[in-house]
Amino acid sequence: MALSAYLVLAAVVFAIGLFGVITRRNTVGMLLGIELMLNAVNINFVAFGRFHGDTDGMVFTLFAISVTVAEVALGLAIVILLFRTRRTVLADHIDLLKG
């Protein structure tokens, strides 16, 4: 499989994630979109690492996955806390940080 196929796959996954973040009003859906965009970046890291014969891309992907897991856990904790206080997960109704 050529490198361009991986790049196209990553671009499609990134576009789907970006579309999800832009169009979703639900914060859980937004987190899923962000997760798709980060996975697209990981596909690029692994593809470039494989085609250049270097393992740095794969190591960096493992680091990115671990950071992503921590980010998603923290994001879900924030969403659960907001749901407990506001009884909604819609991003339009969350205005706690407005001055």
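Values quoted throughout were computed directly from the atomic coordinates according to the rules given, and no laboratory measurement underlies them. Values in this document were obtained by computation on a predicted structure and should not be read as measured data. Glycine also receives a Cβ, built like all others from the backbone with ideal geometry; neighbour counts cover every protein chain displayed.
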Query raised in the report: Between residue 3 and residue 62, 0.36 nm times their residue separation minus their Cα-Cα distance comes to what?
Result: 19.2 nm
Query raised in the report: Between residue 26 and residues 5 or more places away or on another chain, which pairs have amide H atoms under 5 Å apart, with H built 1.01 Å from N, and which residues are they?
Result: 91
Query - the chain: angle of helix 56-86 to the longest principal axis, Cα-based, in degrees nearest 10 - result: 10 degrees
Query raised in the report: How much net charge surrounds residue 78 when only other residues with a Cβ under 14 Å from its Cβ are counted (Lys, Arg +1; Asp, Glu -1)?
Result: +1
Requested in this report: Please give the calculated 222 nm ellipticity per residue for the chain, where each DSSP H segment of at least 4 residues contributes -39500 (n - 2.57) and the sum is spread over every residue; nearest 500 deg cm²/dmol?
Outcome: -27500 deg cm²/dmol
Report summary line: With DSSP loop assignment and no more than 16 other C-beta atoms within 10 Å, the trypsin sites (Lys or Arg not before Pro) in the stretch 6-99 are 24, 25, 87, 98
Query - Shape category assigned to the stretch 28-69 from the gyration tensor of Cα positions, a/c cut at 1.5 - result: oblate
